[in-house]
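Here the structure comes first, spelled out in structure tokens, and everything after it is commentary.
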Amino acid sequence: MGAAHTLQFKLGAAGSTHEDNNFETLSLVWLDDSIMDTKENLIIQQKLRTVTHHLITFQDVQVMPRIHQHRQVNSIYVYVKDQVQNEEWTKKFPKIKGVHRTLEAILAKIQSDQVNIRFKVDEPLAVSIFTPNSALDKSTTELNSKFIHSEVSIDVLLRMKSNPTDKNDLIDLCKEKYKDNEKELAIVKEFEQNYSPDQALWWYTRDSFLYRLLNKALRVQNTDMIFLFRFFIRDIEQQLEQHKCLTPIRVYRGQLMSNEELKILKDSIGRFISMNSFLSTSIEREQALRFLNATNISDDSQRVLITIDADPRLDGVKPFANITNYSYFAHEQEVLLMLGSIFQLIDIHYENQVWLMQMRLCDDKNHTWKSVFEQMKNQYGGGDGQTDLLSFGSVLSNMGKYDDAEKYFHRLLNELPHDHNGIADCYHNLGEIALEKGDYDVSLEWYYKSLAIKMRTLTSHHPDIAESHNSIGVVHRKKGDYMRALESYTKALTIFKQAFKEDNTKIAKCYNNMGNIYQLEKKYSDALEYYQKALAIQQRQLCDDHPDLGSSYGNIGNVYQCLGQHDYALNHYKISLKILENSLPPQHPLIAMTLKNMGIVYEDKGEFQQALTHFEKAEAIRRHALPSTHPHIRIIEEDIQRVKAQMNKFS
């Protein structure tokens, strides 16, 4: 056998693995110049999969001198016949954990190194950062959006009604995933037969498929996997609530961070951090330091000791508990903090070759994000009420994840009885997705199917009927049929005014849409009047960072652009962009539209470099969020080519 090396990869951010079906947190990479030549090697691969299921094999031994520098490589194990000779050169590489002559020895070493997997300090933390408005700049608005949508999506999942088949869906997937791995398959079957909600913490802390798959899914935001785990996440939350700490506590966690990650956090002192995964900590500072100091660092990484002060008496704080008596590892003094916990970053400084980071656990009340969060929360299930697939799909749609949302709406249609009132809502949401994708005829079909059900089951002046008329008007406008669009908007406005007082955001939406028609018909004074009426209502009814406000400022900017009042237009677009970036996911189409509009104004002013910059930003978002055939992609490409031609003309 030639020299063979097993490298252990940790897979961090989304996109760090080339295989979409790799659900594992850890991967083993087996390097051997004769990898497929012997039956012995095939047996070795089978045994390695008992350590972690995801095994990659390759033969290019020339990569070895370079592979040590990759941050994703956590540990290297060398399997050779001449142990003494190879131990010399391996001393140059601190990531090499050992040189072994037998397969049993290397397997035992890998398993031993992974025993304390929950405290692995080199696993990336999945966090979102919120910056108060007073400190906002271009680099932080995107972080705010991720922060808010992370909290909203967790809230919707936890409020979702339980389904008896939830566990079975997860088990079926895992059985298929591990069908060739006897060891892991046995654990899956044990979980199927023995699991109960009061054992959630025991199962979570066990080194098994549950821990690995859940944490990988949370870190890379795998929507389908997180959805399958929702019952398990809810059970963990309930156990943490049941056994939560009752008095203030200080806990610690060792964490290896890249220089870039550390810099972002050092620039975020005083800001709020949402933890997008469960956080394992220790009540013993020395234990956290031991884990930290046992980890090798590279030129691109730093050791960080995180200290967290947590007070359970705060109103609205997410639960945390000392789970020593409920853990698979009963000897560890572990405190587990709930997924979605919010912290304020107090201080970071360097001391005794370790960065010390101080945080405190926060409640989710009385902070600058709270008003946005509450308004978005009320959209999905009404405050503290139950949510469902419709709510979950709506969250995904509002995050710009249209394909995922469409999949869950179709699933809901298959599950609902034919006379369920949720079918009309499902049709309506599918119409919205088709509209965003540019499939206008398909969108109209869904909207009219939704309207037909509502007309049969609701009173003629029900607000839901007005919603359908309003949406149908939007599609007609997109198709260039302004007369039919205005007819639909007028029907919607009449019903909304009968159902609500004048100061209602649904009425504001109608005003905005009618303003769109007047603008397209070049009736700019009428358009401005309706846009300003909409904005006035929204300013009274919505928080300062609500995306609907951003849309209204953008609409007013459009009118000023048409009137040739470039500075007024840019001022309104900048306000719009700031709000939208602060409240919507970074790839949302509304952000792209605002960037495009700003590009047009800069082009009209002859500032071609600024125009090109904004067009290219808009193009990047549209390519990420829309199908390649969407007309908006073709239009933005034409914008870019036109501006480049102008720049070449004057260069």
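Some notes on this structure:
So that you can scan it fast, the table gives a plain yes or no per residue for (1) over 25 Å from E374 (Cβ atoms); (2) surrounded by fewer than 18 Cβ atoms within 10 Å (Cβ to Cβ):
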{"residue": "V156", "(1), (2)": "no, no"}
{"residue": "Y211", "(1), (2)": "yes, no"}
{"residue": "R230", "(1), (2)": "no, no"}
{"residue": "I233", "(1), (2)": "no, no"}
{"residue": "E241", "(1), (2)": "no, yes"}
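- Looking at region 553-626, the helices (runs of 4 or more DSSP H) lying wholly inside it that each contain 3 or more residues that are of a type outside the set (D, E, K, R) and more than 26 Å from A536 (Cβ to Cβ) sit at 589-604, 608-625.
- Residue count for region 304-352, restricted to those that are among the polar types (S, T, N, Q) and assigned to a loop (DSSP other than H, G, I, E, B): 4.
- Looking across region 176-208, the residues that are without any contact (Cβ under 8 Å) to a residue 60 or more places away in the chain, within 21 Å of S327 (Cβ to Cβ) and either surrounded by 14 or more Cβ atoms within 10 Å (Cβ to Cβ) or touching a helix residue (DSSP H, G or I) at 6+ places or on another chain (Cβ under 6 Å) (or both) come down to I187, V188, F191, Y195, P197, Q199, A200, S208.
- Taken across region 270-288, residues that are hydroxyl-bearing (S, T, Y), surrounded by 15 or more Cβ atoms within 10 Å (Cβ to Cβ), in contact with a Gly (Cβ under 7 Å, 6 or more places away or on another chain) and closer than 22 Å to Y204 by Cα do occur, with at least one present.
- So S274, is it farther than 25 Å from S75 by Cβ, touching a Leu at 6+ places or on another chain (Cβ under 9 Å), polar (S, T, N, Q) and at pLDDT below 90: no
- Yes/no for G515 being among the small types (G, A, S) and surrounded by fewer than 20 Cβ atoms within 10 Å (Cβ to Cβ): no
- Condition met for Y602 (within 25 Å of A508 (Cβ to Cβ), of a type in the set (S, T, Y) and at pLDDT 95 or above): no
- Residues (aliphatic (A, V, I, L, M) and either assigned to a loop (DSSP other than H, G, I, E, B) or surrounded by fewer than 19 Cβ atoms within 10 Å (Cβ to Cβ) (or both)) located in region 518-544: L520, A536, L542
- Restricting attention to region 268-295, the residues being under 21 Å from I148 (Cβ atoms) and of a type in the set (F, W, Y) number 2.
- Residue list for region 567-597, restricted to those being at pLDDT 95 or above and either over 20 Å from L535 (Cα atoms) or among the hydroxyl-bearing types (S, T, Y) (or both): Y568, Y573, S576, T594, L595, K596
- Some residue of region 324-334 being of a type in the set (A, V, I, L, M) and in contact (Cβ under 8 Å) with a residue 12 or more places away in the chain: no
- Strands (runs of 3 or more DSSP E) within region 72-176 that include 2 or more residues at pLDDT 75 or above and within 21 Å of the chain's Cα centre (by Cα): 127-130
- Residue within region 258-278 that is over 22 Å from F343 (Cα atoms) and touching a strand residue (DSSP E or B) at 6+ places or on another chain (Cβ under 9 Å) present: no
- Hey, A321 in contact with a His (Cβ under 6 Å, 6 or more places away or on another chain) and within 24 Å of Y211 (Cα to Cα) or not: yes
- D300 vs. criteria at pLDDT 90 or above and assigned by TED's automatic domain parsing to the domain that holds M359: no
The values are calculated or read from the model by the stated rules, or taken from the named source; none is laboratory data. This is a predicted model, so every value here is computed, not measured. We place every Cβ from the backbone using ideal geometry, glycine too, and count neighbours over all the protein chains shown.
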